[in-house]
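A.B. asks: Starting off with a structure, shown below.
The values are calculated or read from the model by the stated rules, or taken from the named source; none is laboratory data. Computed from a predicted model, the values in this text were never measured in an experiment. With ideal geometry, Cβ positions are generated from the backbone for all residues, glycine too; neighbour counts draw on all protein chains shown. The area values use the complete protein model at the heavy-atom level, side chains included, leaving out ligands, DNA and RNA. Shrake-Rupley method; radii C 1.70, N 1.55, O 1.52, S 1.80 Å.
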Number of protein chains: 4
Amino acid sequence: MTEHTTAPPERRKQARVASDRWRTALTSIAPNSILIRGYPVDELMGRLSFADAVYLLLMGELPSPAIGRMLNAVLVSSLDHGVTPPSTLAARNVATSGAPLKDCVAAGILAFGPHHGGDVESCMRFLDSGLTMVRGGTTVQQAAEMLVDDCLREGQTPPGFGHRFHTRDPRAARLFQMALELELEGEHVRMIRATERALDARHEALGRNVPVNVDGAIAAICADLGFAYDLGNAIFLISRLPGLIAHAHEERVRQAPMRQIDPKDHDYDGSASRRLPEGRK
Amino acid sequence: MTEHTTAPPERRKQARVASDRWRTALTSIAPNSILIRGYPVDELMGRLSFADAVYLLLMGELPSPAIGRMLNAVLVSSLDHGVTPPSTLAARNVATSGAPLKDCVAAGILAFGPHHGGDVESCMRFLDSGLTMVRGGTTVQQAAEMLVDDCLREGQTPPGFGHRFHTRDPRAARLFQMALELELEGEHVRMIRATERALDARHEALGRNVPVNVDGAIAAICADLGFAYDLGNAIFLISRLPGLIAHAHEERVRQAPMRQIDPKDHDYDGSASRRLPEGRK
Amino acid sequence: MTEHTTAPPERRKQARVASDRWRTALTSIAPNSILIRGYPVDELMGRLSFADAVYLLLMGELPSPAIGRMLNAVLVSSLDHGVTPPSTLAARNVATSGAPLKDCVAAGILAFGPHHGGDVESCMRFLDSGLTMVRGGTTVQQAAEMLVDDCLREGQTPPGFGHRFHTRDPRAARLFQMALELELEGEHVRMIRATERALDARHEALGRNVPVNVDGAIAAICADLGFAYDLGNAIFLISRLPGLIAHAHEERVRQAPMRQIDPKDHDYDGSASRRLPEGRK
Amino acid sequence: MTEHTTAPPERRKQARVASDRWRTALTSIAPNSILIRGYPVDELMGRLSFADAVYLLLMGELPSPAIGRMLNAVLVSSLDHGVTPPSTLAARNVATSGAPLKDCVAAGILAFGPHHGGDVESCMRFLDSGLTMVRGGTTVQQAAEMLVDDCLREGQTPPGFGHRFHTRDPRAARLFQMALELELEGEHVRMIRATERALDARHEALGRNVPVNVDGAIAAICADLGFAYDLGNAIFLISRLPGLIAHAHEERVRQAPMRQIDPKDHDYDGSASRRLPEGRK
């Protein structure tokens, strides 16, 4: 007969003795003490930038100063992209219903699907498949050309390339420049550069310019820093979170509730174009 | 008669002429140019820390160096709190189902409800209600005592006070110390300090210690920096995001799928307790 | 000294003996047996409609046939409301990013905020505050008038009244007609009817018609059926889920990815207006 | 020069003339009229069960009475599976933080990942790959055996087979029995039955029983009814929603907030085992 009664406490307790305990290596908590990867969190505060601390938590060790600077720049790069991305519109549509800010943000994050943010992970895999060829004996440029030809044959743009708005993504250029200056360029950056050259050479066949975009630059740099594929995407997600917050907040304070949000019908009325003051450069 | 046919294009186009356009002040996009609050994002990269850039996006202006350091510390403070918070468990339960990392993170964010993270906003409102009394003529200490008595009469702990684990929250202490050193203490910090003293004085009646916690410290400091209530919560959310990511990632790489996650049955097997090297202090 | 080492297994096992077990009254599982509220689920299949089973799970007992019919109608009432509600737009914006269907649905659900769906709960509370007055000695009509005057004084429409599009909500009318025919009208329906009359009498002062809407009708009927406030909202949520699914699916199969979704720029190209065949009436 | 000023209204209006309008075939809205797939929603209310209406909305036409009965049974089948599934635990962990019911539900839905619910879609694809072989000339049984051998060679269980708890899933058995009685069995049901036989024949090699589970039965039946892959998953999601709601609600009303939820430490204290009354069979 099927048994729906609850086992007596003795039997249950015994059952637990054999139960598998599980393990975590991130943070240990004790009364009045929080150790992140072994370091007291209150000792990290004021001494590490947030980007440094993100690296420590995700990778297990303190970043070098160069890596810390690089990661700060990566996180700044995708801070916001205006009102038209689907993630921003998902967040604003939840905001107009009067939902709490966190709900708007969660909805925005759900829109970081394969075509929007997911490109970081796809590009990391793409670059690694090229590097596998290199380990098999081809040159970086040959590998890039074979990958590009494979994509074009299937009518695809390689992940990390092309942009709806930009013909030259200023964020990608700046990230590569910093990686060079900080001596953090590695094989993934070299592979994406080679892919860029291969695409340039097919420019006429393509009928359009397909520049490396910010997702591609983040992918190459995160891969060179040793991030796992899904953590590459996670870095994009951290970067984008403040933008989701800013748009949800602006929707709540500047707009009437339950409006129909048309992404094309907006005007910018913020600060005029300006430059950083000398002291901040 | 009800009209379900679609209006002809001419009529619709005219209808749009009168339509209200909407406004945004955050980011303007043009081909090959992204201006965040007026600044080219590629000029911000490498020059602002991520925390600085978050402040710029949310508040509209560059932070002073002191505010930038303070906000970095605030963001580091809540980076992670181990495996037991409901937000972490929500993220891990989604991860065990094989869902993408972003889904785990979104579920975790949804758990930042009134009892978990929402305290930052509640505490900001609590402090402002005290400051309203002060503007009406009471002293800060009198206001704090009246607020505390109101809470205790209803069997409530003031928002931003008390902790499940810690009798003295090391993160709160460090945040207040930094606010003092950076000369960023304002009326909200003074009000929360007075509240702490009022609670200490009622220590025997309460039968337990009710220290200010990290949410309270973030609330007081964000309020002194001028953040809106929901942005105070948002700062907590940004701070906590890497922890959600780290736990979801660890669940995916270290555990079998579809397991039953017991928050009490875990062991820490990460780095031993350690201190920052001299050069990082 | 702070203790970060893990307690030995013996100590932990003992600690668990005292641990509080928790209780659930919904479903019990044993090998090859699933009992929902005591009934084998496989016995319910084919014998209860889904709406009946929802009632059983949420309320604990089988519904009468009349309640089953009523609940089926309530669930059908809010099935879909076209492309313009924020919940639908949130779901479609997530869909355009290439995210899985479940992510689109989750984002849509997050948009059932206070102004969109949340009205069911607000209206249930509103009606109960009127019924409290009635228990205190006023007539239903007097209570309704006092409530309406309170709302209008604060420039508010009572929850469950008014609609962006409809001056007479056909779903509300049908729900009330069915409640009458099925002899399920109770004090909450009487209170909302009285509120409707009170608003009609203030029609000129209001300068517009403020009819009871489908949220109001669901609220009154769910309250008469004995649903808790948050379960009233939940009924709306179940009702609306297929609409979110249908829109996310249509977005995925009929539209290009990463498009900018303008809620005003759409045409309906589905089935022409039609009536149920005789046999289905 | 980069152009960040807003285009003048004339230019924008013209730009819209050429803009592509988009199309939807689900629901058309006009003042006081809501047509779902052409039918007035108020005419559907009271005449269609919710399951019938779900079929109409997703598939575009009214279901036959047999399909309506089948779909009601499918929706009842996965109503709830107790406290241990990750989706339920995600919902309860969000509930314990004090978040609104809809947030709990959204988090639960996010846990319907590849290993939990996603199996419906995987199984539909699996069955169709078998039917492709059949169209190429093999028998159904040969196709099933080749598919099973492919899975076992990779150490996989075929999607829709096996269960953590049940060695014979009572829900699957009931669904197949109903499909037979309602004369709705089609080629997908035949293919899954053949797969079951193929697995039975390899029972000794497998060392365990791998029965068809409820996901497999839903997959085969939904495929025979003509549902698209992602809509098969969606049917599971609709079925499971009331369970998520019931658990989130129970957590809110029966448990203290911010508790650590251990899925193993619970007791069932609901209704004793019972049978449907004669009149309901």
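A.B. asks: Confirm whether C:Ala217 is assigned to a helix (DSSP H, G or I), open to solvent by 10 Å² or more (accessible area, probe 1.4 Å), modelled with pLDDT of 95 or more and out of contact with any Lys or Arg (no Cβ under 6 Å at 6 or more places or on another chain).
C.D. replies: Details: assigned to a helix (DSSP H, G or I): yes; open to solvent by 10 Å² or more (accessible area, probe 1.4 Å): no; modelled with pLDDT of 95 or more: yes; out of contact with any Lys or Arg (no Cβ under 6 Å at 6 or more places or on another chain): yes.
No: the conditions fail for C:Ala217.
A.B. asks: Out of the residues in the range C:182-206 that are free of Cβ contacts under 8 Å to residues at least 12 places away in the same chain and of a type in the set (D, E, K, R), which is least open to solvent (accessible area, probe 1.4 Å)?
C.D. replies: Top of the filtered list is C:Asp200.
A.B. asks: Is it the case, given these coordinates, that C:Arg164 is within 14 Å of chain A (Cβ to nearest Cβ), open to solvent by 10 Å² or more (accessible area, probe 1.4 Å) and basic (Lys, Arg)?
C.D. replies: Working: within 14 Å of chain A (Cβ to nearest Cβ): yes; open to solvent by 10 Å² or more (accessible area, probe 1.4 Å): yes; basic (Lys, Arg): yes.
Taking the combined requirement at face value, the residue satisfies it.
A.B. asks: Moving on to the next point. Consider the range D:50-66. How many of its residues are under 16 Å from the mean Cα position of the chain (by Cα) and under 15 Å from C:Leu48 (Cα atoms)?
C.D. replies: 3
A.B. asks: On to the next question. Which ones in the range A:106-116 are open to solvent by 10 Å² or more (accessible area, probe 1.4 Å) and either more than 7 Å from chain C (Cβ to nearest Cβ) or touching a residue at least 60 places away in the same chain (Cβ under 8 Å) (or both)?
C.D. replies: Step one: of the range A:106-116, the residues open to solvent by 10 Å² or more (accessible area, probe 1.4 Å) are A:112, A:114-116.
Result: A:Phe112, single match.
To keep it simple, each residue is scored yes or no on (1) more than 30 Å from A:Arg259 (Cα to Cα); (2) acidic (Asp, Glu); (3) more than 7 Å from every other protein chain (Cβ to nearest Cβ).
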{"site": "B:Leu26", "(1), (2), (3)": "no, no, no"}
{"site": "B:Ser33", "(1), (2), (3)": "no, no, no"}
{"site": "B:Gly46", "(1), (2), (3)": "yes, no, no"}
{"site": "B:Phe50", "(1), (2), (3)": "yes, no, no"}
{"site": "B:Leu58", "(1), (2), (3)": "no, no, no"}
{"site": "B:Pro63", "(1), (2), (3)": "yes, no, yes"}
{"site": "B:Ile67", "(1), (2), (3)": "yes, no, yes"}
{"site": "B:Thr96", "(1), (2), (3)": "yes, no, no"}
{"site": "B:Cys104", "(1), (2), (3)": "no, no, yes"}
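A.B. asks: In the set C:Asp119, C:Asp103, C:Asp150, C:Asp200, which member is under 25 Å from D:Leu48 (Cβ atoms) and of a type outside the set (A, V, I, L, M, F, W, C)? Reasoning before the result, please.
C.D. replies: Numbers: C:Asp103 fails: under 25 Å from D:Leu48 (Cβ atoms); C:Asp150 fails: under 25 Å from D:Leu48 (Cβ atoms); C:Asp200 fails: under 25 Å from D:Leu48 (Cβ atoms).
After applying the criteria, what remains is C:Asp119.
A.B. asks: Return the residues of the range C:167-181 that are buried (at least 18 other Cβ atoms within 10 Å of the Cβ) and either β-branched (Val, Ile, Thr) or within 16 Å of C:Leu225 (Cα to Cα) (or both); say none if nothing qualifies. Working first, answer last.
C.D. replies: First, pick out the residues of the range C:167-181 that are buried (at least 18 other Cβ atoms within 10 Å of the Cβ): C:169-172, C:174-176, C:178-179.
Within the range C:167-181, C:Leu175, C:Phe176, C:Met178, C:Ala179 meet the criteria.
A.B. asks: Right, next: Looking at the range A:121-132, is at least one residue open to solvent by 30 Å² or more (accessible area, probe 1.4 Å), over 23 Å from the mean Cα position of the chain (by Cα) and under 18 Å from B:Ala234 (Cα atoms)? Outline the logic, then answer.
C.D. replies: Pass one, the range A:121-132, residues open to solvent by 30 Å² or more (accessible area, probe 1.4 Å): A:121-122, A:125, A:128-129, A:132.
Filter once more, so that each one left must be over 23 Å from the mean Cα position of the chain (by Cα): A:132.
If we keep only those that are under 18 Å from B:Ala234 (Cα atoms) as well, we get none.
Checked against the condition, which is being open to solvent by 30 Å² or more (accessible area, probe 1.4 Å), over 23 Å from the mean Cα position of the chain (by Cα) and under 18 Å from B:Ala234 (Cα atoms), the range A:121-132 yields no hits at all.
A.B. asks: Given the structure, is B:Thr139 surrounded by fewer than 17 Cβ atoms within 10 Å (Cβ to Cβ) and farther than 17 Å from B:Ala198 by Cβ?
C.D. replies: No, not satisfied.
A.B. asks: Would you say B:Asp119 is in contact (Cβ under 8 Å) with a residue 40 or more places away in the chain, over 16 Å from B:Val212 (Cβ atoms) and out of contact with any Ser or Thr (no Cβ under 8 Å at 6 or more places or on another chain)? Quick ask: steps written out before the conclusion?
C.D. replies: Values: in contact (Cβ under 8 Å) with a residue 40 or more places away in the chain: yes; over 16 Å from B:Val212 (Cβ atoms): no; out of contact with any Ser or Thr (no Cβ under 8 Å at 6 or more places or on another chain): yes.
In short, no.
A.B. asks: Here's another thing I want to ask about it. Can you tell me which residue within the range D:220-235, out of those that are of a type in the set (Gly, Ala, Ser) and open to solvent by less than 30 Å² (accessible area, probe 1.4 Å), is farthest from D:Leu152 (Cα to Cα)?
C.D. replies: Going through the qualifying residues, I end up with D:Ala234.
A.B. asks: Follow-up question, since we're still on this one. From (1) over 22 Å from A:Pro65 (Cβ atoms); (2) touching a helix residue (DSSP H, G or I) at 6+ places or on another chain (Cβ under 8 Å); (3) without any contact (Cβ under 8 Å) to a residue 40 or more places away in the chain, pick out the condition that doesn't hold for B:Leu44.
C.D. replies: (1)
A.B. asks: Also: If I go through the range C:29-59 residue by residue, how many of them are open to solvent by less than 10 Å² (accessible area, probe 1.4 Å) and outside any strand (DSSP E or B)?
C.D. replies: Number of matching residues: 11.
A.B. asks: Also, I was wondering about something else. For the range B:90-140, how many residues meet the condition of being in contact with a Lys or Arg (Cβ under 7 Å, 6 or more places away or on another chain) and not in a loop (DSSP other than H, G, I, E, B)?
C.D. replies: Qualifying residue count, the range B:90-140: 4.
A.B. asks: Go through the range D:60-80 and count every residue that is crowded, with 24+ Cβ neighbours inside 10 Å and part of a loop (DSSP other than H, G, I, E, B).
C.D. replies: If we filter the range D:60-80 for residues that are crowded, with 24+ Cβ neighbours inside 10 Å, which is where we start, we get D:70-80.
Among the residues that remain, those that are also part of a loop (DSSP other than H, G, I, E, B) are: D:78-80.
Number of matching residues: 3.
A.B. asks: Give the range A:8-28 a look and list any residue that's open to solvent by 10 Å² or more (accessible area, probe 1.4 Å), at pLDDT 95 or above and among the aliphatic types (A, V, I, L, M), or say none.
C.D. replies: Passing the criteria: only A:Ala25.
A.B. asks: If you don't mind, another one. Any idea which of C:Glu183, C:Glu145 is part of a loop (DSSP other than H, G, I, E, B) and in contact with a helix residue (DSSP H, G or I) (Cβ under 8 Å, 6 or more places away or on another chain)?
C.D. replies: Details: C:Glu145 fails: part of a loop (DSSP other than H, G, I, E, B).
The unique qualifying residue is C:Glu183.
A.B. asks: Hey, another quick one. Considering only the range C:122-148, how many residues are more than 14 Å from chain D (Cβ to nearest Cβ) and in contact (Cβ under 8 Å) with a residue 12 or more places away in the chain?
C.D. replies: Just the residues of the range C:122-148 that are more than 14 Å from chain D (Cβ to nearest Cβ), to begin with: C:123, C:125-148.
Pick out the ones that are also in contact (Cβ under 8 Å) with a residue 12 or more places away in the chain and you get C:123, C:125-131, C:133-134, C:140-141, C:143-148.
So the answer is 18.
A.B. asks: Another question, then. Restricting to the range B:212-237, give me the number of residues that are touching an Asp or Glu at 6+ places or on another chain (Cβ under 6 Å) and more than 7 Å from chain A (Cβ to nearest Cβ). Please lay out each step first, then the result.
C.D. replies: First pass over the range B:212-237, keeping only residues touching an Asp or Glu at 6+ places or on another chain (Cβ under 6 Å): B:212-215, B:229, B:232-233.
Then keep just the ones that are more than 7 Å from chain A (Cβ to nearest Cβ); that gives B:212-215, B:229, B:232.
Number of matching residues: 6.
A.B. asks: A further question follows. For the range A:244-256, state whether one or more residues are over 17 Å from the mean Cα position of the chain (by Cα) and assigned to a loop (DSSP other than H, G, I, E, B). Show your work before the answer.
C.D. replies: Here is the first cut: in the range A:244-256, the ones over 17 Å from the mean Cα position of the chain (by Cα) are A:246-256.
Okay, now just the ones that are also assigned to a loop (DSSP other than H, G, I, E, B), so A:255-256.
Checked against the condition, which is being over 17 Å from the mean Cα position of the chain (by Cα) and assigned to a loop (DSSP other than H, G, I, E, B), the range A:244-256 yields at least one hit.
A.B. asks: Counting only residues that are of a type outside the set (S, T, N, Q) and open to solvent by less than 10 Å² (accessible area, probe 1.4 Å), which one in the range A:238-247 is farthest from the other protein chains (Cβ to nearest Cβ)?
C.D. replies: Keep residues of the range A:238-247 that are of a type outside the set (S, T, N, Q), which gives A:238, A:240-247.
Within this subset, residues satisfying the condition of being open to solvent by less than 10 Å² (accessible area, probe 1.4 Å) are A:238, A:241-247.
On the way: A:Ile238: 6, A:Leu241: 6, A:Pro242: 5, A:Gly243: 7, A:Leu244: 9, A:Ile245: 4, A:Ala246: 5, A:His247: 7 Å.
Going through the qualifying residues, I end up with A:Leu244.
A.B. asks: What single numbered condition from (1) more than 7 Å from chain A (Cβ to nearest Cβ); (2) under 30 Å from B:Gly186 (Cβ atoms); (3) surrounded by fewer than 20 Cβ atoms within 10 Å (Cβ to Cβ) fails to hold for B:Val253?
C.D. replies: (2)
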